[in-house]
1. Check residue 337 against each of (1) modelled with pLDDT of 95 or more; (2) touching a Leu at 6+ places or on another chain (Cβ under 8 Å) and name the one condition it does not meet.
2. May I ask you to verify whether residue 345 is of a type in the set (Gly, Ala, Ser) and within 28 Å of residue 463 (Cα to Cα)?
3. Does the stretch 449-461 include one or more residues that are over 27 Å from residue 368 (Cβ atoms), assigned to a loop (DSSP other than H, G, I, E, B), touching an Asp or Glu at 6+ places or on another chain (Cβ under 8 Å) and not aromatic (Phe, Trp, Tyr)?
4. Can you find a residue in the stretch 18-27 that is within 27 Å of residue 247 (Cβ to Cβ), in contact (Cβ under 8 Å) with a residue 24 or more places away in the chain, hydrophobic (A, V, I, L, M, F, W, C) and touching a Ser or Thr at 6+ places or on another chain (Cβ under 6 Å)?
5. Out of all the residues in the stretch 219-248, which are crowded, with 24+ Cβ neighbours inside 10 Å, out of contact with any strand residue (DSSP E or B) (no Cβ under 7 Å at 6 or more places or on another chain) and among the small types (Gly, Ala, Ser)?
6. Give the residues of the stretch 426-478 that are of a type in the set (S, T, N, Q) and surrounded by fewer than 23 Cβ atoms within 10 Å (Cβ to Cβ), sorted by residue number.
7. Among the numbered conditions (1) within 17 Å of residue 167 (Cα to Cα); (2) at pLDDT below 95, tell me where residue 79 comes up short.
8. Got at least one residue in the stretch 282-300 being closer than 28 Å to residue 16 by Cα, without any contact (Cβ under 8 Å) to a residue 60 or more places away in the chain, out of contact with any helix residue (DSSP H, G or I) (no Cβ under 8 Å at 6 or more places or on another chain) and of a type in the set (Gly, Ala, Ser)?
Amino acid sequence: MATNDELAFLDATAQAELVRRKEATPLELVDAAIERVERVNPSLNAVVTPMYDLARESATGELPDGPFTGVPFLLKDLFASYAGVRMTFGSEFLRDFVPDHDSELVVRLKRAGLVTIGKTNTPEFGILPTAEPALFGPCRNPWDTGRSTGGSSGGSAAAVAAGMVPMAHANDAGGSIRIPASCCGVFGLKPTRARNPLGPDIGDVFGGIVVEHAVTRSVRDSAALLDATSGPDTGDPYWAPPPQRPFLQEVGAGLGRLKVAVVTESPMGGPVHEDCVKAVRDVASLCEDLGHELDQEVAIDFDVERIVQSFMAVYAAGNAWAIDANAFLTGLTPTQDKFEPLTWALYEMGLQINAPTYLLAVTALQQASRGIAAAFMQYDAVLTPTITEPPPPLGSFDSPPDNPLFGIMRAAGIVPFTSIGNFTGMPAMSVPLHWNDEGLPIGTMFTGRFGDEATLFRLAAQLEEARPWAGLRAKVSA
């Protein structure tokens, strides 16, 4: 078997091949991953709930014959429930909540042969684009431990970047797959709305803006995992257009000449850091070298004030729903002392939003989606910064006592590009192609047409081949 140092940066596809060729057993892969977590996690605080005994039991049992049989995996501590293992949402309120069933996504992850070895750090209720919950403490960026990992899937991205596991579960309501992928230098694709299931407990989260998938080291892992987990579940309220063929077949497939729009100005009108603009222009130049046609300095046009107000209404109401839904499930009563000040302030805001206001906000986002989708149809992909600044220092989103909503307002300034993919439902990916002069990863994002992950996977594979990132190592890694 390969040494643990070698295993640390093999992708999931390669690790599964070791099992298929009987060059490693699932238990050997799991034990090696546990050793890496134990060695590196004290510096990063990415894994908050170890599942080692359960993982070893699974690895020595009869695993399904799937694309990732025996490969170690991490599950984000938010939404996707694993029977018998606590799911805290990063909150003191749910510190002891233990679901009694698997979510449909977890069922499919298990069917793919993955072995979950733990759960990863996330901000309370996934609200912020950083992973610094009061319950577990901050997750630290492997490239600079004084910096944020991004969020809300920060623990998952840090674990993959550091080589603990080759890929990890993530979900996304405003950028929570792509933001940490950008901050940690890994690949993160947000699929089309309803591509992956949310059931059985949930059919629709926050008006359809939440999606499930993962952060990965390689493009092929992301594609193969989406093949294993995607497809509608019985009774789903939304339906993504079925792909013409498996996503894995798109990796390395012929691409032709794409028409790509280049956007560097924030659609919300705020500043974009020069490092992020530089990254976009660098990647645009790479795309030109690869033969693609670029339409430079395109503007994304919509009613900013209306969209921001509508998104915040849906987000605040959704946060109140998430807290009340979990209160109903657990029999617990939400009280201010069980939540961080920002979460409680957002909860109180959400309780004030009445049903007509909420539905009007959803309608506004749907109307904007139609306009943006129509404008984007003339392009195969739209290239933008992933976020508007390099990985921020830890503590950047802390809310002072006299301004508990500061964190969410600060967050709004860095997510103007990522949030578009959520309210439109379009697929989008953050690709790790650029590092700034301080050695920090600066992701760039491509947004595709609704239902067209295929083009994004073909493009991502081409970019990965042209400028490989697999050999890059963070300062803190296994």
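1. (2)
2. On the way: of a type in the set (Gly, Ala, Ser): yes; within 28 Å of residue 463 (Cα to Cα): no.
Considered against the rule, which asks whether it is of a type in the set (Gly, Ala, Ser) and within 28 Å of residue 463 (Cα to Cα), residue 345 comes out as no.
3. Checked against the condition, which is being over 27 Å from residue 368 (Cβ atoms), assigned to a loop (DSSP other than H, G, I, E, B), touching an Asp or Glu at 6+ places or on another chain (Cβ under 8 Å) and not aromatic (Phe, Trp, Tyr), the stretch 449-461 yields no hits at all.
4. So far as the stretch 18-27 goes, yes, one or more of its residues are within 27 Å of residue 247 (Cβ to Cβ), in contact (Cβ under 8 Å) with a residue 24 or more places away in the chain, hydrophobic (A, V, I, L, M, F, W, C) and touching a Ser or Thr at 6+ places or on another chain (Cβ under 6 Å).
5. Result: 223, 224.
6. 436, 455, 462, 477 - these are the residues of the stretch 426-478 that are of a type in the set (S, T, N, Q) and surrounded by fewer than 23 Cβ atoms within 10 Å (Cβ to Cβ).
7. Residue 79 satisfies all of (1) within 17 Å of residue 167 (Cα to Cα); (2) at pLDDT below 95 except (1).
8. First pass over the stretch 282-300, keeping only residues closer than 28 Å to residue 16 by Cα: none.
No, because not a single residue in the stretch 282-300 is closer than 28 Å to residue 16 by Cα, without any contact (Cβ under 8 Å) to a residue 60 or more places away in the chain, out of contact with any helix residue (DSSP H, G or I) (no Cβ under 8 Å at 6 or more places or on another chain) and of a type in the set (Gly, Ala, Ser).
The values are calculated or read from the model by the stated rules, or taken from the named source; none is laboratory data. Since the structure is predicted, the reported quantities are computational estimates derived from the model, not experimental observations. Every residue, glycine as well, gets a Cβ built from its backbone with ideal geometry; the counts of neighbours run over all protein chains shown.
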